[in-house]
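*Asks:* Pasting a structure below so you can have a look.
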Amino acid sequence: MAEPIGGALVARRARGGAQLEAQPLGRREGAGGLKAGGRVRPRAMANVKTEDEIILFEREMKEFWTKLKSVYGTEQISQTLALRDSCKESIKVLSEKWSKKLKEGDLMIDKIQEYRNEILQQSQRISENQEHLAEIKSNVNQEEEQKKGLTDSIQELKEELIKKKEIISSKNKATKERVERLCKSKVLFEERLGLEIRRIHNEQLQFVFRHIDHKDPDKPYAFTLSINEQGDYEVTSCTPPLDCIAEFQLKVRETNNFSAFVANIRKAFTALSYK
């Protein structure tokens, strides 16, 4: 155990009785020491005293270290040094290990950040795809609505076409019946009234009267008759023209009495021939 005593060291061995003592500086005589009775200038005395103290301290430290090695033994010092080296080596191994761990940790952090960035990109792509999908769904819904509207329109057109076909069929039937009646009356008109009926273009009938003018029995008096879109009789031409033809046309539409209509026109032509 070492204790400071008056600026020097005193080394003691706990067991064995050996003691090493370093006397207080300034109280021993030695090389460069000063006696109590000497006279020296204060500054020079201080310089000399300081140098002597340093030399004496170094000498005492060397003696102390030599005696310490002799007291504790070389083996214990070697063990201490070996323990120190072992500790250094362990610290070095641990440092390398933890350095490697830190590097691995940094790599893992970088990898985690990379995964986070990739996940963020995936999330953005998913969000964009969801928006695109919503837009597609909206377009599909609109197309379905348009398709439904077109289907309804087509159905309406079909129903309207069926109705028109029924109307046309009904008109054709009525027209056919009227033509048949006209044909039946043809012979009668030709024999008794000197009437000739001709079928001309656009499904029209031309009625030609003779034996009207007593001066010229072969002189023709004619009018052309058709059936319009409404299914009514319509006089399209009259030669020579008659002022009452519109009245006759209106009356035959109301009564549907075609024989009386033809007879009235013949009477009008006959009256005209006497003028």
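The values are calculated or read from the model by the stated rules, or taken from the named source; none is laboratory data. The shown structure was predicted, so the numbers you read here are calculated from the model rather than taken from an experiment. Cβ sites come from the backbone with ideal geometry, for glycine too, and all protein chains shown count toward neighbours. Keep in mind that these areas ignore ligands, DNA and RNA; they rest on the heavy atoms of the full protein, side chains included. Shrake-Rupley method; radii C 1.70, N 1.55, O 1.52, S 1.80 Å.
*Asks:* Quick test for you: out of Leu195, Leu225, Leu188, pick the one residue that is at pLDDT below 90 and open to solvent by less than 20 Å² (accessible area, probe 1.4 Å).
*Replies:* Leu195
*Asks:* Taking the options Ser169, Ser237, name whichever one is modelled with pLDDT of 90 or more and among the small types (Gly, Ala, Ser).
*Replies:* Result: Ser237 is the single residue among Ser169, Ser237 that is modelled with pLDDT of 90 or more and among the small types (Gly, Ala, Ser).
*Asks:* For region 213-236, how many residues are of a type in the set (Val, Ile, Thr) and under 16 Å from Lys176 (Cα atoms)?
*Replies:* Adding up the residues that qualify gives 1.
*Asks:* Looking at the structure I just gave you, is Thr224 over 60 Å from the mean Cα position of the chain (by Cα) and in contact (Cβ under 8 Å) with a residue 24 or more places away in the chain?
*Replies:* In short, yes.
*Asks:* Could you please give the count of residues in region 118-172 that are more than 23 Å from the chain's Cα centre (by Cα) and open to solvent by 100 Å² or more (accessible area, probe 1.4 Å)?
*Replies:* Qualifying residue count for the region: 10.
*Asks:* Filter region 250-260 down to the residues that are surrounded by fewer than 19 Cβ atoms within 10 Å (Cβ to Cβ) and either part of a helix (DSSP H, G or I) or at pLDDT 95 or above (or both) and list them by number.
*Replies:* If the condition is that a residue be surrounded by fewer than 19 Cβ atoms within 10 Å (Cβ to Cβ) and either part of a helix (DSSP H, G or I) or at pLDDT 95 or above (or both), then Leu250, Lys251, Arg253, Glu254, Thr255, Phe258, Ser259, Ala260 are the ones that fit.
*Asks:* Could you tell me whether Glu180 is within 30 Å of Phe258 (Cα to Cα), of a type outside the set (Val, Ile, Thr) and open to solvent by less than 100 Å² (accessible area, probe 1.4 Å)?
*Replies:* Considered against the rule, which asks whether it is within 30 Å of Phe258 (Cα to Cα), of a type outside the set (Val, Ile, Thr) and open to solvent by less than 100 Å² (accessible area, probe 1.4 Å), Glu180 comes out as yes.
*Asks:* Give me the pairs: first residue in region 243-271 and under 11 Å from Tyr233 (Cβ atoms), second residue assigned to a helix (DSSP H, G or I) and open to solvent by 40 Å² or more (accessible area, probe 1.4 Å), beta-carbon distance under 6 Å, and six or more apart or on different chains, which are they?
*Replies:* Phe248/Asn264
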